[in-house]
Every structure is written in C-alpha cells, then in structure tokens.
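Engineer: To start, I am sharing the structure in question, which I have written as structure tokens.
The values are calculated or read from the model by the stated rules, or taken from the named source; none is laboratory data. If you're wondering where the values come from, they're calculated on a predicted model, not measured in any experiment. Methodologically, a virtual Cβ is constructed for each residue, glycine included, from the backbone with ideal geometry; neighbour enumeration extends over all protein chains shown. Side chains included, ligands, DNA and RNA excluded: accessible areas come from the protein's heavy atoms. Shrake-Rupley method; radii C 1.70, N 1.55, O 1.52, S 1.80 Å.
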Amino acid sequence: MTHQSVSARTVLETIWPAVPILMALFLITMMLMLVSSHSPLAVYDALWQGAFKDSASTFNTLAFFVPLLFCATGLLITYTAGLWNIGIEGQMIMGAIGASWIALKVAGPNPNLSPLLIITLEIIVAMAAGALWAALAAVLKTRGGVHEIFGGVALNSLAIIATNYLISSPWQPPSGGSFHGTEEFAESALLPVFGNTHFSPLAFVLALIALGIVILMLRGTHWGLQLKALGKNPRAAFLLGVSSERQALYSMMFCGALAGLAGAIRVLSWFGRMPQSVSGGIGFLAILIVLLASFRPVWTFIIAFIFSALLQGGAQVHLITQLHSSLSGIIQGTLVLFTLLFGDFRRLFGSKTVEEPEVS
Amino acid sequence: MNDSQVVNILASIVFLSVPLMLAILGETITERVGVINLSLDGTMLLTAMAGFVVAFETEKALGPSPADIPDTIPVLAGLFVAGLIGALIALLIAWGGIALKQDQVAIGFVLTLLLAELANFLGQRYTNLRGPRVAHLPIPVLSEIPLIGPLLFDHDLLVYGTLILVFAVWWFMYRTQPGLQLRGIGERPESAFVRGVPVNSLRYLYTALGGFLVGLAGAAFSLDVKLGWSDNHISGMGWIALAIVIFGGWHPLRGAFGALLFGVTKAIANILQTTYPAVPTVLFNSVQWLLMLGVLLLVGSDFTKRLISVLPRPMQAPLARLLRIAPPQALGRTFGQES
C-alpha cells in the first residue's frame, strides 16, 4: 500500500461519519417532497425558526436541553455497564411524581416555607423516586431473570398509568377535568427560571456538574473501571471479582436518580404542574443521543443540544405547516439508524492495520 | 352470566388474540433462526397504518363494492402490503446484523421509536375514518356445533388462516427436514454450516417470513380486530408479543397458547372492571403490564425449577420438559465463516 493511498484512506475515515448523516437528511428531504405541499426548505426553515427565532425560543431550546442532558449523562453510566436502560422514561416520570408530591403536599399548604428548602426537598425526593424505580428494573434483571428491556418497558407503562391515576383521582384539581393534570404548583415550589422562559439556570449548572462528574468517574475512578470491565466482558469482570449484580444495581440507580431529577425539572420549570404526559419522550430521545454519540461524553453534549433544538423546532413546524409534530422524531430516529448501520468505517471497509480474513 | 354469554366471551377471546398470535408466530420463526427483531412495536404500528391506508385507498379507487361482495380486494391489498413492509423491516435488521455486523438490539430499538413516529406522521390524514374490514364468514354446518362452533368456526378468514398457520408452523418446525434445519441455524450455526446448510441465506429468508407475519399482525388489528387508525393505535402490543415469545419458550404452539392466556386475563380484568366500578378504570390498564412482568419472572427466575423439584418424582421430568424455556443458543449472534 502506497503512502498516498493510506492518507487518502485516513481522510475518508475522518469525514466518514458525515456520510450516514447526509444519507439520512437526503431520505427525509425526499419524504417531505412526497408527502408535504410545503417545500422541504420551508419545513427546515420552520424548524430553525422554531428553535432559534428569538431569545425566547432559544431559551426554550435550552429548557429541553437540560433534562435531555441529565438523562443522557445517566445513560452513559448504564451503557458503560452494558445495560439497556429502556426504563429511563418511567424513572423520569417517577421523579416528576416525587417532585409534584412535595410541591402539592408540602409547598402547597405551607406558603411560608423557604423556596430553597422546598426545592432541595423536591430534588432529593425526585432523585430517590427515580433511583428506586430503576432499582426495581435492576432487581427484576439480576434476581428475576427479566431482561432490563422488558422490565423497563413494563415499568414505563406502569409509571404512565400511575400518572393517569394520580391526576384523575387523588391529585385531580378542584376545578375538575380528569386528564388535564394537577393544579398549578405554588410559586415557592417552582425552580427560578430565566425571564419569561422555561429555562432554569440552576438546573443547567447542575446538569453540567453531573456530566463533569460522570466524565471524571469513567476516566479515573475504580468504579468507572469496574463498569467498563463489566460492559466489555462480563465473564472476565466476574473472574476479577466484580459483582455484576451489585454494579448493575448501582449503575441503574445512578442513572435513575439523574432521570428522576430530569423529571423534576420538567414539572418544576417547564409545566409548573403535573401534566398527563410528563416526559414528552425525552428519556427515549436520550437513548438515541447516547447511541448516536457512541457513548462519547463530548458528543453526547453536542448531539443533545442539536436534538433539543429539533424538539423545540418541531412544535413550530406543526404550527406553520400542519405537518404532524412527530417529524422531529423521524429526523432524529433516521439520523441514529443510518449512523448505527453505516457509521463505523472500519467495520464496513475493514481496518487498515489488521486485515480481516476474506469472507467468501 | 348464562352459558351463551360465556361462550360469546370465549369466542371473542379467540378473535381478539389473532393479531397477537400472528406477531408471536412471526417473531418465533425469526428468533428461532437466531435473529432478534426487537422492532415489533414500531413495525406493527406502521403496518397497521399502512394496511388500513392501502385498503382504504384501494376501496376508494375501485368504487363502492356491491352489497353482496364484501371488500375482499381492498382488504387483501392492505394485508399484503402490510406483510411486505413487515418483511422489509425485518430484512433491514437482519442485514444490519449479518452483513454490517451491527447490534441487532440497537437497530431494532431505534426502529421501534422511528417507525412509531413514521406511522403517526404518514397516517395523519387517515385518523378516525371508517374503512374496509375483513368480512365475517361463519363456516356453514361447522359453526352450528355447540360450543366449538361459535368458538372456532364463527369468525372470518383471517382467524381461520391464523389458527391453521399456528399448527402448520409447528408441524414444519418439528416434523420436517427443513424445519430441523431452521432450528439448527439458531442453535448451532457452525454445525449447520458444516453440513452444507446456507446459514445466512436461510436466516434472511426466515427473518423475512417472520417479518411478513408481524406485518400481517399489524394490519390484522386495523382491518379486523381494532378497526381503523389513530395516533399510537396499538402501541404496546409489540412488546407484549415479544414477551409472550419468551413465555412461550420459542415454541409456536405455546406462543399461541400464551396469546390466548393473555386474552383470557384481559377478559377477566374487563369483567372485574364492570363488577367493581368503584376502582378507578386506569388501574385496570396496568393488568397487562403486571402480567407481562409476572410471566417473565415465572420463566426467568428459578422459581419454576424449585416448584418442580418439590413435586412427586414421576411428574418432574414431563413437567420440566413441558415448561422448558431455553432461548435459541445463537440468538442475536452473527455467524461468520471465519469465526
């Protein structure tokens, strides 16, 4: 192999990740041309306008970014341990329920309590609720032999049913209306937000801290190393004395706590009450983000931001073009699918250093 | 409750279980050759939408059918297109796993989310419409038999076809040479290959066949059991089907039995719901998910093994064989000749 061809190959390998993304965008553009009376450019423009038109929409993009970042950060831990935490949606919902419980039952009747105390309490309860719901999935897996994907799906549905029960029976607002959610929370129960938007700077700082902690933990701690061993080769980890049962439990609970916090942020800064659909698919979206980022923290951060812009812009697209709001989900899903299928240059075309045996 | 009411409920359980049976049958075939199609929940949503839309548009194009001829052609077109879409999706997963060597579970999960969104997006203009449906077709004479008649012979062609298919797949898998091959590919692909079985080609073939049945299952909902289309029309059923495949121990007859059992439990929940109106309705929705966790715990934990070991000795061996749950050994594992 000549020097020239090696470097050309290196260049191709560097820019390769853009190829599946372009393929996905091409396909989506084709689909829009087929099904929509608006030109794809108009749709993309509406997306952009929805996400970044003015400071209000930009801050609302950021308001989606914060819970997404919490969930994606937690998933970095579970994926490192080789676990599919599909149950993250339910963990978010449980966190939201926990925070709402404090907001309705503690902050509501006691208007004189300091907001700092209430918010601290809300966050702690939300994290505990998310962690416990995640622990349930972990125990079902390690003790019950139920794969975490199935446990997660069932626990997600049960969490949604719990929400529906709460807002239609015990937490139903006095004004009635069975599925509209609870009444508005007291002012002291809400996270302070930036201006007239849903963006909470405090939550954003917490999310950055969480991501920083996870990066450091995965890089330089014993626990991070144990999780990596478990994820890469469970049998070897077992032989080295890493208890897979305990690590599975801890990593799920860690992720669940962050997801619970994300749920709390949704009700305490976005909704200001407990609505019927708390998560808005943010937990699943975080799974897509981490898959697309191939579990790299920095890319997780960047993609989470792009996806929250798509999420915020998607609502605007619906208003302008009457296209179904699931469009952003389609864009996100297609990007991830194509990257999963075609993103790995070396798997597609073989490695340049190690020649793989020819398959005839 | 009198006798005819009980018979009616039982007959409706058979009828309502049909789409689930089709999906379970399809996924059982797919997983038996070693491929995991995790996308069932999304695939079935998309094919439910596509099947309905195709049938609806075909009917519109053909003009209203005369009163004595039911919507046979539109319904067949809808079912066929739905099956085809299901097969293509399954092939995509198999291709990603076999040719591109990517994680089938990851691809399947992303497809679950993506296809659900796609179904809602593309089906937007077809929500809450009345369209064609599979025509009711009692079999003369046989449907007059007490109990068995209404239970098995007073439905439509899709129901009869599915019930026959359950046994046909079982017979094929366990009583024929190609069926033995099918099971071999999922258990020991290396040995099968050495014996001259084209492992990967057959994996593609059976995955597509299984996907076709999963696609039919989606359309069986929108054209027969839960008519029409709306956002997230049948979401959740794909996951239930995947769980029952495990509960059924990757066996077509046990899978179909699991689908019926699921129908029975839902029917009981419905009856309880009307008997105890004081209990909030939403709580009854949790029954199917608790059931799913319950059966997976039953087969996943060593509870069953312990239960069998305390039974009288002559019962142990047959019962253990009856309840044996072992996934195909090469499930989700790519087979490459070099390894």
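Engineer: Do you know the relative contact order of region A:238-345, to the nearest whole percent, from alpha carbon pairs under 8 angstrom that are 6+ apart?
Structural biologist: 18
Engineer: Calculate one ³J(HN,Hα) per residue across region B:330-335 by plugging θ = phi - 60° into the Karplus curve 6.51 cos²θ - 1.76 cosθ + 1.60, and present them in order as whole Hz with x for glycine and proline.
Structural biologist: 9, 4, x, 9, 7, 9
Engineer: With a 10 Å cut-off between alpha carbons and a GNM built on chain A, which of A:Gly313, A:Gly241, A:Gly281 moves the most?
Structural biologist: Result: A:Gly241 has the largest fluctuation of those listed.
Engineer: Could you tell me the extents of region B:35-189's C-alpha atoms along the three principal axes, largest first, rounded to whole Å?
Structural biologist: 53, 44, 24
Engineer: Rank B:Arg195, B:Arg32 by accessible area, highest first, at a 1.4 Å probe radius?
Structural biologist: Ranked list, largest accessible area first: B:Arg195, B:Arg32.
Engineer: What whole-number value in cubic angstrom gives the convex hull volume per residue for the C-alpha atoms of chain B?
Structural biologist: Measuring per residue, one finds 179 Å³ for the Cα hull of chain B.
Engineer: Within the accessible area of the protein assembly as shown, what % is carbon and sulfur when the probe is 1.4 Å and the other protein chains stay in place?
Structural biologist: The value for the protein assembly as shown is 67 percent carbon and sulfur by accessible area.
Engineer: Ignoring everything but the protein chains, give the 1.4 Å probe accessible area of B:Trp171 in square angstrom, nearest 10.
Structural biologist: That residue has around 140 Å² of solvent-accessible surface.
Engineer: OK, next. Report the label-to-label distance for B:Asn2 and A:Val139 in nanometres (one decimal), using points 7 Å from each Cα along the Cα→Cβ vector.
Structural biologist: 5.0
Engineer: For B:His136 and B:Phe172, what does the FRET efficiency come to when R0 = 25 Å and r is the distance between their Cβ atoms, rounded to the nearest 0.05?
Structural biologist: 0.30
Engineer: Ratio of region B:1-48's C-alpha Rg to 2.2 N^0.38 Å, to two decimals?
Structural biologist: Rounded to two decimals, the normalised Rg is 1.61.
Engineer: Next question. Return the distance in nm (one decimal) between the two label points of a simple spin-label model at A:Ser175 and A:Ala8, each offset 7 Å from Cα along Cα→Cβ.
Structural biologist: The modelled label-to-label distance comes out at 6.9 nm.
Engineer: Now for a separate question. When the helices in chain B are scored as -39500 (n - 2.57) per DSSP H run of 4 or longer and the sum is shared across all residues, what 222 nm value do you end up with, to the nearest 500 deg cm²/dmol?
Structural biologist: -22500 deg cm²/dmol
Engineer: Specify the angular offset, from 0 to 90 degrees and rounded to the nearest 10, of the alpha carbon long axis of helix A:55-80 from the longest principal axis of the alpha carbons in chain A.
Structural biologist: It is inclined by approximately 70 degrees.
Engineer: Related question: With +1 on each Lys and Arg Cβ and -1 on each Asp and Glu Cβ, and nothing else charged, work out how big the dipole of chain B is about its Cα centre, in Debye to the nearest 20.
Structural biologist: Its charge dipole is roughly 1040 debye.
Engineer: Find the all-direction average of the projected area of the Cα convex hull for region A:1-135, expressing the result in square nanometres with one decimal place.
Structural biologist: Mean projected area for region A:1-135: 15.3 nm², to one decimal.
Engineer: Which of A:Leu335, A:Leu117, A:Leu323 moves the most in a Gaussian network model of chain A with Cα springs under 10 Å?
Structural biologist: A:Leu117
Engineer: Relative to the Cα centre, what is the charge dipole magnitude of region B:1-153, using +1 at the beta carbon of each Lys and Arg, -1 at the beta carbon of each Asp and Glu, and rounding to the nearest 20 debye?
Structural biologist: 260
Engineer: Can you show me the helix-derived [θ] at 222 nm for chain A, built from DSSP H runs with n ≥ 4 at -39,500 (n - 2.57) apiece and divided by the number of residues, rounded to the nearest 500.
Structural biologist: -23000 deg cm²/dmol
Engineer: For region A:276-354, compute Rh as the Kirkwood radius over C-alpha pairs and then the Stokes-Einstein diffusion coefficient at 4 °C and 1.567 mPa s; write the answer in µm²/s, rounded to an integer.
Structural biologist: In µm²/s, the coefficient rounds to 92.
Engineer: Based on DSSP H assignment, which helices of chain B show an axial Cα extent of at least 27 Å together with a mean Kyte-Doolittle hydropathy greater than or equal to 1.6?
Structural biologist: Length and hydropathy pass: B:72-98.
Engineer: Under unit Cβ charges (Lys, Arg +1; Asp, Glu -1), what dipole magnitude, rounded to 20 debye, does the protein assembly as shown have relative to its Cα centre?
Structural biologist: Charge dipole of the protein assembly as shown: 1720 debye, to the nearest 20.
Engineer: What is the Cα convex hull volume of region B:140-293 when expressed per residue in Å³?
Structural biologist: 152
Engineer: At 1.4 Å probe size, put B:Ile85, B:Ile268, A:Ile289 in order of accessible surface, largest to smallest.
Structural biologist: Accessible-area ranking of B:Ile85, B:Ile268, A:Ile289, largest first: B:Ile268, B:Ile85, A:Ile289.
Engineer: Reported to two decimal places, what Rg/Rh ratio describes region A:170-328 when computed on Cα atoms with Rh from the Kirkwood expression?
Structural biologist: 1.05
Engineer: Relative contact order, percent, of region B:157-287 when contacts are C-alpha pairs under 8 Å separated by at least 6 residues?
Structural biologist: Reported as a whole number, the value is 18 percent.
Engineer: Another one. Can you give the net charge of the other residues whose Cβ lies under 15 Å from the Cβ of A:His222, counting K and R as +1 and D and E as -1?
Structural biologist: Taking every Cβ under 15 Å from that of A:His222, the sum is +3.
Engineer: Shifting gears a bit: Cut-off under 13 Å on the C-alpha distance; same-chain residues fewer than 8 positions from A:Lys228 excluded. Which aspartates and glutamates are left, in chain and number order?
Structural biologist: Qualifying aspartates and glutamates at Cα under 13 Å: none.
Engineer: Continuing with the same structure: For the charge dipole of chain A, defined by +1 on Lys and Arg C-beta atoms and -1 on Asp and Glu C-beta atoms about the Cα centroid, which residue among A:Ala264, A:Trp299, A:Leu218 has the Cα displaced farthest towards the positive pole?
Structural biologist: Final value for the positive-end residue is A:Leu218.
Engineer: Also, I was wondering about something else. Enumerate the residues in region B:201-232 having an amide nitrogen under 14 Å from the point lying 7 Å beyond the Cα of B:Trp95 toward its Cβ.
Structural biologist: The answer is B:204-205, B:208, whose backbone nitrogens lie closer than 14 Å to the label point.
Engineer: Taking every pair of alpha-carbon atoms in region A:55-205, give the share separated by more than 20 Å as a whole percent.
Structural biologist: 57
Engineer: Return the Rg/Rh value of chain A, two decimal places, where both radii are evaluated on C-alpha atoms and Rh is the Kirkwood radius.
Structural biologist: Over the Cα atoms of chain A, Rg/Rh equals 1.01.
Engineer: While we're looking at this one, here's another question. Counting only heavy atoms of protein chains, what accessible area per residue, in Å², does the protein assembly as shown have with a probe of 1.4 Å?
Structural biologist: Roughly 45 Å² per residue, with all protein chains present.
Engineer: Something else: B:Leu311 to B:Phe284: FRET efficiency via 1/(1 + (r/R0)^6), r the Cβ-Cβ distance, R0 35 Å, to the nearest 0.05?
Structural biologist: The value I calculate is 0.55.
Engineer: Given a 1.4 Å probe and heavy atoms of the protein chains only, how would you sort A:Glu89, A:Glu183, B:Glu144, largest accessible area at the top?
Structural biologist: Largest accessible area first, the residues go B:Glu144, A:Glu183, A:Glu89.
Engineer: Counting pairs of alpha carbon atoms under 8 Å apart in space and at least six apart in sequence, what relative contact order in percent does region A:60-199 give?
Structural biologist: Answer for region A:60-199 is 32 percent.
Engineer: On the Cα set of region A:165-248, report Rg and Dmax in Å, please.
Structural biologist: 21.9, 61
Engineer: Follow-up. For B:Lys266, go through the lysines and keep the ones whose alpha-carbon is under 29 Å away, minus same-chain ones fewer than eight residues off.
Structural biologist: Here the lysines satisfying the reach criterion relative to B:Lys266 are A:Lys141, B:Lys226, B:Lys305.
Engineer: Given axes a ≥ b ≥ c from the Cα gyration tensor, I'd like to know whether the protein assembly as shown is rounded (a/c under 1.5), prolate (a/b larger than b/c) or oblate.
Structural biologist: rounded
Engineer: Go through A:18-27, B:118-127 and give me the packing order, highest mean Cβ count within 10 Å leading.
Structural biologist: Averaged packing, sorted descending, gives the order B:118-127, A:18-27.
Engineer: I want to check the label-to-label distance for A:Leu348 and A:Leu27. Put each point 7 Å from Cα in the C-beta direction and report it in nm to one decimal.
Structural biologist: Reported label-point gap for A:Leu348 and A:Leu27 is 1.2 nm.
Engineer: Name the long-range amide H neighbours of B:Asp156: under 5 Å, sequence gap of 5 or more, or other chain; modelled H, no Pro or chain starts.
Structural biologist: B:Leu137
Engineer: Here's a follow-up. Report the calculated FRET efficiency for B:Leu129 and A:Thr58 (r = Cβ-Cβ distance, R0 = 56 Å), to the nearest 0.05.
Structural biologist: That gives a FRET efficiency of 0.90.
Engineer: Step by step: find N for region B:225-339, compute 2.2 N^0.38 Å, then divide the Cα radius of gyration by it. What's the final number?
Structural biologist: Working it through for region B:225-339, the quotient is 1.37.
Engineer: Sticking with this structure for a sec: In the neighborhood of A:Ser36, defined by Cβ-to-Cβ distances under 14 Å, what is the net charge if each Lys or Arg adds +1 and each Asp or Glu adds -1?
Structural biologist: Local charge sum for A:Ser36: 0.
Engineer: Binning every alpha carbon pair distance of region B:1-126 at 10 Å from zero, what are the percents per bin?
Structural biologist: Reading upward from the zero bin: 12, 32, 29, 19, 7, 1.
Engineer: Could you tell me the largest-minus-smallest coordinate of the C-alpha atoms of region A:56-122 on each of the three principal axes, in descending order and whole angstroms?
Structural biologist: If we take the Cα atoms of region A:56-122, the spans are 46, 30, 17 Å.
Engineer: If N is the number of residues in region B:167-220, what value comes out of its Cα radius of gyration divided by 2.2 N^0.38 Å?
Structural biologist: 1.24
Engineer: Let me ask something else about it. Output ³J(HN,Hα) for region B:131-136: one whole-Hz value per residue in order, computed from phi by the Karplus curve 6.51 cos²θ - 1.76 cosθ + 1.60 with θ = phi - 60°, and x for Gly and Pro.
Structural biologist: Once rounded to whole Hz, the list reads x, x, 8, 5, 7, 5.
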